[in-house]
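To start, the structure under review is shown below, and the notes come after it.
The values are calculated or read from the model by the stated rules, or taken from the named source; none is laboratory data. Keep in mind that this is a model prediction, so the values were computed, not measured. Please note: Cβ atoms are built from the backbone with ideal geometry, for glycine as well, and neighbour counts cover all protein chains shown.
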Amino acid sequence: MTLPTAPAPLPVAPPSDCPFEPPIEFTALRAERPISKVSLPDGSWAWLVTRYADIRAILGDTRFSSDTTVHGYPLSGMTGGPSTQNRGFIRMDPPEHTRLRRMVTREFMVKRVEALRPEIQRLTDELCDAMERAEGRERGGVDLVEALALPVPSLVISLLLGVPYDDHTLFQRLTGTLLSRTVPDAEREAARVELRDYLDELVTAKEADPGDDILGRLIVEQQRTGEITHDEVAAFAALLLIAGHETTANMIGLSALTLMRDTETAERLRQDPGLIRGAVEELLRFHSIIRNGPRRVATADIEIDGHLIRAGEGVVAAVPSGNRDESVFADADRLDVQRPNAQHHIAFGYGIHQCLGQALARVELQVVLATLLRRFPTMRPAVPIEEIPFRTDMSIYGCHTLPVTW
Ligand code: HEM
């Protein structure tokens, strides 16, 4: 294909005939112009990096800053603006990033998360029981996103944080607005303020009665000892709540749909449930649902593969492109649940900001997908694929709704 000569907007749309593929432009960019310019909504531009090795080099180099207040940071509209208030540590650099991330690292360690597996299985089984009883199945299907994909991660992160799940419609609505690429800035700002006020009240209530959960422990161990403030606890809550459910929910929806269409792979996983761990890694690589970054700004002049990125210039790391890089993943556009190196994907990012919740996301995906395969072997989309609303308008890819029947 012919590549544009002037900076064009970041490619986000999948090819019209295949909603599972990343934007088609990435193949040509990787081959011909692996570090190219993209235009940004505010009229400026940034470097778009499309090869696996270059993305890892950038995300692994702390001279590339995650701080949205640093001049030149490539704002997408969804990154929370350059405001200094209530930024989670995802938008900070060392030493603050290290200090804050360390306070919650143990909460998401593999051992801790593995101990949650029986509870995640119980929640999943309950939601599947409810799906079996649902009446909509013969009339247009049951929406798998609403019935299972969103509630599992949402329930789990609410439980871990100590956020009342009864408030889930509120925080799901606000998160949806914050992650949308198409809502007007004023609406997004209003959602940010509403979420901040909600969490501010919640943290105030927990200060009086902390409870045995992540926010409670942060209050007792860090806030009461003067290491962090009330606002910082609220910023932890916002980051973990937002990062903790939309991402996994969309991976569940897309992966379930992929397995409904690839019946041979689904049968292989049913016959050998031991393959599910590798399958989840491959699905993470294949779908790479973070379509808008990660983003960074260079704080020094840095050469990446012979290309000079100057201090103050922004970078957009195209993870969906890196994960389809043929020099790392042979036959990269094919889903192969037994791919030997699938776990080298960069769907969780790379370097010091690599996803804190990855062990949790893995367990949730393994449990939900294995349960669906076992309990609903004949599950299929209830509408033609063209009628499924894919999230091309959101920074996290997936399906808005997924009507299924069985
Ligand atoms: C399939 C699901 C998920 C995907 C694909 C995903 C992806 C990512 C990516 C790409 C980053 C790196 C951002 C950057 O470099 O700027 C990240 C960071 C992060 N993720 Fe996830 N994530 C997922 C699930 C979760 C879950 C369940 C949690 C639970 C709390 C979580 C919490 C976080 C946090 C706190 C960070 C910031 C880490 C830091 O800055 O040190 N994520 N995630």
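Details
- Take the conditions (1) more than 15 Å from the ligand (Cβ to nearest atom); (2) charged (D, E, K, R); (3) part of a strand (DSSP E or B); residue 296 misses just one of them, which is (1).
- Taking (1) in contact with a Pro (Cβ under 8 Å, 6 or more places away or on another chain); (2) over 27 Å from residue 40 (Cα atoms); (3) modelled with pLDDT of 95 or more in turn, residue 295 satisfies each apart from (2).
- Each residue in segment 160-196 was checked for being touching a Phe, Trp or Tyr at 6+ places or on another chain (Cβ under 8 Å), under 18 Å from residue 394 (Cβ atoms) and among the aliphatic types (A, V, I, L, M), and 2 pass.
- Qualifying residue in segment 383-393 (condition: of a type outside the set (Gly, Ala, Ser), within 16 Å of the ligand (Cβ to nearest atom), in contact (Cβ under 8 Å) with a residue 40 or more places away in the chain and closer than 30 Å to residue 28 by Cβ): yes
- Positions within segment 231-262 being touching a residue at least 40 places away in the same chain (Cβ under 8 Å), more than 9 Å from the ligand (Cβ to nearest atom) and aliphatic (A, V, I, L, M), in sequence order: 234, 235, 237, 238, 254, 256, 257, 259, 260
- One residue stands out among those in segment 85-106 that are away from the ligand (no atom under 11 Å from the Cβ) and part of a loop (DSSP other than H, G, I, E, B): the one that is modelled with the lowest pLDDT, which is 85.
Residue-wise test of (1) at pLDDT below 85; (2) surrounded by 15 or more Cβ atoms within 10 Å (Cβ to Cβ).
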| site | (1), (2) |
| --- | --- |
| 177 | yes, yes |
| 191 | no, yes |
| 196 | no, yes |
| 205 | no, no |
| 208 | no, no |
| 216 | no, yes |
| 223 | no, yes |
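- Candidates 312, 306, 244, 278, filtered to the one that is modelled with pLDDT of 95 or more and over 23 Å from residue 344 (Cβ atoms): 312
- Members of segment 377-396 found to be within 15 Å of residue 289 (Cα to Cα) and either among the acidic types (Asp, Glu) or assigned to a strand (DSSP E or B) (or both), listed by number: 390, 393, 394, 396
- Filter result for the condition that a residue is more than 16 Å from the ligand (Cβ to nearest atom), charged (D, E, K, R), within 20 Å of residue 10 (Cβ to Cβ) and modelled with pLDDT of 95 or more, over 30, 56: 30
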